[in-house]
Amino acid sequence: MTKTVFLDQDADLSFLKDKTIGVIGFGSQGHAHALNLKESGLNVVIGLYPQSKSIEVARKYGFEILTNDELAKKADILFFAAPDLAIPEIYLTHIVPNLSAGKILVFAHGFVIHYKLVVPPPDVDVILVAPKGPGHIVRREYVQGRGVPSLIAVFQDKSGKAKDIALAWAKGIGSTRVGVIETTFREETETDLFGEQAVLCGGLTSLITAGFETLVSSGYSPEMAYFECLHEMKLIVDLIYESGISGMRFSISETAKWGDVTVGPKIIDGHVRESMKKVLEDIQNGQFAQQWIEEVKAGKPNYKKLLEEGAAHQIEKVGAEIRALFPWLKKRNLQGVQAAYESC
Ligand SMILES: NC(=O)c1ccc[n+]([C@@H]2O[C@H](COP(=O)([O-])OP(=O)(O)OC[C@H]3O[C@@H](n4cnc5c(N)ncnc54)[C@H](OP(=O)(O)O)[C@@H]3O)[C@@H](O)[C@H]2O)c1
Ligand SMILES: [Mg+2]
């Protein structure tokens, strides 16, 4: 290991004990951090805008809910768990007018700080606690006595205790049960964006869809294509997750191993690696961030259109039919965090 891994014994919850923790937003990360911190014995209050659909959900879990202005005054620590591009407006309109010296600003992703969409005054602490997993898994793992690893980073250390506070937070959400490593806002932002675009979300969904379309357009049935290109993906990824790429290869046939090592590099070839490099450059030079900011300013027309096209794709229709064959597959209600949480 080149990095120090912080575990339970390296973190002390008492750095958060006498503080009021304000969580802005109650979505994927917000609900997970709020519930985990509360069950770790800490004092958590939620901030939401007046018409938020999350108000009812947060209230159901017994939280006190304030407006963002009230929260900014009351809480010692402010955790920004609203969508990244909603944060600058929340910060300028509701937090800045109510922000006093000595407060602690916490982020789950470095985006707004790294790209300078939020520029905090020098008299506050600014820290990052970024779980390396979706919020619903952060919650699910905590409930099961486990945790999701987190990255921590310190951008400003006014109190001299910023790193202790970040470690305490990571402990409160369950991350020190598995491991926490320290990074910078820049490294977290750039690697997180690269990972989700090129590999985890963008790369993966495009790979699955391209494989599915290749089979279906060559006359194979959509059900076969779904099983081959999507369903089995989880089974293979589970093996990689548990025992690495070589561990997964231990479980597949010799023929599959030969296809893996000889054909894989022809698919993810030099051209794909060039594209990955370009994607990383656009993240590093701020071009991706700028385009996303413009898209949000325009009311997200392309975002909505492309997601709708994805949802209408044949793979989703056949997928819903196939998943109905597996009664033990947990049905996720995709309308809100509440039902998703209940299924955890
Ligand atoms: N999703 C993940 O698993 C993940 C992983 C790592 C890091 N992060 C980071 O975590 C942060 C939160 O992302 P998320 O995906 O958890 O968000 P999300 O699921 O989209 O939830 C956003 C929450 O913020 C609320 N909200 C929207 N505008 C608000 C405002 N003006 N004031 C107060 N609350 C507001 C939403 O309320 P409504 O219900 O009314 O819309 C919702 O409760 C981001 O920085 C993101 O990069 C997320
Ligand atoms: Mg991300």
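The values are calculated or read from the model by the stated rules, or taken from the named source; none is laboratory data. Remember, it's a predicted structure, so these values are computed and weren't measured experimentally. In this analysis, Cβ positions are derived from the backbone assuming ideal geometry, glycine residues included, and neighbour counts consider all displayed protein chains. Protein only, heavy atoms only, side chains kept; ligands, DNA and RNA dropped before computing areas. Shrake-Rupley method; radii C 1.70, N 1.55, O 1.52, S 1.80 Å.
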The stretch 85-128, subset open to solvent by 60 Å² or more (accessible area, probe 1.4 Å) and in a loop (DSSP other than H, G, I, E, B), residue nearest to Arg186 (Cα to Cα): Lys116
Residue match in the stretch 201-222 (condition: of a type in the set (D, E, K, R), more than 16 Å from ligand 2 (Cβ to nearest atom) and part of a helix (DSSP H, G or I)): yes
Complete set of residues in the stretch 214-236 that are free of Cβ contacts under 8 Å to residues at least 12 places away in the same chain and either basic (Lys, Arg) or closer than 20 Å to Gly310 by Cβ (or both): Thr214, Ser217, Lys234
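Would you mind stating whether Arg186 is touching a helix residue (DSSP H, G or I) at 6+ places or on another chain (Cβ under 6 Å), in a helix (DSSP H, G or I) and either open to solvent by 40 Å² or more (accessible area, probe 1.4 Å) or of a type in the set (Val, Ile, Thr) (or both)?
yes
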Output for the stretch 74-84, where each listed residue is surrounded by 14 or more Cβ atoms within 10 Å (Cβ to Cβ) and not aliphatic (A, V, I, L, M): Lys74, Asp76, Phe79, Phe80, Asp84
Residue that is nearest to Lys132 (Cα to Cα) [pool: residues in the stretch 238-267 that are surrounded by 13 or more Cβ atoms within 10 Å (Cβ to Cβ) and of a type in the set (Val, Ile, Thr)]: Ile240
Set Lys116, Lys163, Lys171, Lys158: member being at positive phi and away from ligand 2 (no atom under 14 Å from the Cβ): Lys116
Candidate set from the stretch 54-69 (those that are in a helix (DSSP H, G or I) and surrounded by fewer than 20 Cβ atoms within 10 Å (Cβ to Cβ)); member that is nearest to ligand 1 (Cβ to nearest atom): Ile55
